[in-house]
Structure formats: C-alpha cells, structure tokens
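The values are calculated or read from the model by the stated rules, or taken from the named source; none is laboratory data. None of these values were measured; they are calculated from a predicted model. Neighbour counts run over all protein chains shown; Cβ positions are idealised from the backbone, glycine included. Remember, those area values only see protein heavy atoms, side chains included, never the ligands or the DNA or RNA. Shrake-Rupley method; radii C 1.70, N 1.55, O 1.52, S 1.80 Å.
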Amino acid sequence: MKRFVGILQFLTRIPIRVDIGFDEEFHKTMYYFPLVGFVLGFFYFIIGLGSILVFDSYITSVNILISTVVLTGGLHLDGVGDTFDGIYSYREKDKILEIMKDSRLGTNAMLSMLFLILMKLGLIYAIVESGNLYNLIFMPVFARMAIVVASYKSVTPRKNGMGNVFIGKPTLNMILVGIGYTVILITLISLILFNLNIESIIKVILFIPLMIIFTRYFVKYIYSKIDGITGDILGCTSELIEVIYLIFIYLTFGLK
C-alpha cells in the first residue's frame, strides 16, 4: 500500500498528504503503474459524467482533456515536446540530449503537442458523443503500462535523470503481474459497472498486445537516435499510447 501511494504521488497531482519519500527499491512501485492508471481513468470518467450534465459534448470533451493535464501536472505531455524537439532536430546524439534537456519550447515541441491535443480532443469527443464514456477509464491504464514495457531491459544515455529511477529496472514478472490484474479489473469493471458483453471486453483487452508491439518498436527507434531512452521518452510513450488507444476504440467500436 505504501508503494502504491508513493507512485500515485509521483505520477499524479492528486493531493495525498503523506510523506512516503524515495528508497533504493522505489522502482518496485512499477507493479502499481496500471493501478495508478485506473485511478486516473475513474477521475476522467466521473469528470465526464458530471460535465455532460451541464455542458454539451464538445465542452465536456475539453473538460476531460483539461483534467488529463491537471491530474498529471502535464508531466508526460512535457515529454512529448522535449522528445520531438530533440529527436527531430536531426543532430548528433549529444546535441539531441542537450536539446531535450533544454526547458525552452521549440517549434517541433509546440507542433507535436498541438497536434496530439487536437487528436485527443477529436477522439474524446467521438467517445462522449457515442455515450461510451467508460472507455476513458482504460486509456491511462495502458499508457502507464507502456512505461513499464518501455523501461524493460532498456538503458539510459544519461547519468542523471528522473527516468533513471525506472529505466532498466522492471522485471518480466512486473509486466506479467501488471497485465494479469489489468485484464481482471477491466473484465470486472466492464461486467459489474457497465454490463458490457464479452465481445466488447475482449476488444479492449486486445489492445494490450498492440500496446506492447508499438512501445517496443518505438523504443527501438529511439535507440537508433540516442542509444537508449530517457524520462522524456517514457512520458512521450505514455502520451502516444493514449492517442493510439483512442484511435483503436474509435475504429473497433465504430464511433464514426
């Protein structure tokens, strides 16, 4: 429980007034990454439910999108900007890492964040319009799971960095345990709270292998640029998986 609270504090801006701190085994909190996603997902769902009672679908979509930034402090969105600024500067490895560390916002960062937000807004709007708000619960779950998958057997080109706490630390057991309880929770939530049919549940669960494949290929691509991954790359991976999940839901549930 202590480790779950610790990683909830680390990955979100949910106010929890408990001083957990760090220790040498803080990486073991990665067992709980998908669970943090479920907490965030239920917040998005509840905010969506409340908003739709007052506003139309578009404003509700905006409110949900704002909540994804407020509840995470924009931590992963910042990673998108830094990643695109660095990787698509087409410089040498050391210069790319220097650009990624620079706090200033470049053109690539601005455009990548803008396009990502617009894509999310449109896809969330489609979900809100369809009345399938429950799909938003699972979006941050897969995104946080992707961080664990990306960190598995990875290295970092930096001596110091926030991501170093996790990069290269996950074990195969962490991934399997995370997938195991994620599948169970998705099934229980879908059946008990939303009375979904098995076909719909299977559709959501089938995103897991897609998430793993994309994440590993993305990591491989980043390796070709900077010989490893950083905390910014982990944040960018998380955000990209959320967009891919929303596209997946849009297509498989026929929301067009």
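Listed values, structure above:
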| quantity | calculated |
| --- | --- |
| Residues of the stretch 209-222 classified as under 22 Å from Asp94 (Cβ atoms), open to solvent by 60 Å² or more (accessible area, probe 1.4 Å) and touching a residue at least 12 places away in the same chain (Cβ under 8 Å), total | 0 |
| Test: residue in the stretch 84-92 that is more than 20 Å from the chain's Cα centre (by Cα) and of a type in the set (Lys, Arg) | yes |
| Given (1) of a type in the set (S, T, N, Q); (2) touching a residue at least 40 places away in the same chain (Cβ under 8 Å); (3) in contact with a Gly (Cβ under 9 Å, 6 or more places away or on another chain); (4) outside any helix (DSSP H, G or I), index of the condition Thr83 fails | (4) |
| Residue list for the stretch 184-193, restricted to those being in contact (Cβ under 8 Å) with a residue 24 or more places away in the chain and crowded, with 16+ Cβ neighbours inside 10 Å | Leu185, Ile186, Ile189, Ser190 |
| Tally of residues being touching a residue at least 60 places away in the same chain (Cβ under 8 Å), under 16 Å from the mean Cα position of the chain (by Cα) and assigned to a helix (DSSP H, G or I) across the stretch 2-44 | 13 |
| Pairs where the first residue, in the stretch 126-138, is over 15 Å from Leu193 (Cβ atoms) and the second is open to solvent by less than 10 Å² (accessible area, probe 1.4 Å), C-beta under 8 Å, 6+ apart | Ile127/Asn135; Ile127/Leu136; Ile127/Leu246; Ile127/Ile249; Val128/Gly48; Val128/Thr60; Val128/Ser61; Val128/Ile64 |
| Any hit, the stretch 106-123, residues being outside any helix (DSSP H, G or I) and open to solvent by 30 Å² or more (accessible area, probe 1.4 Å) | no |
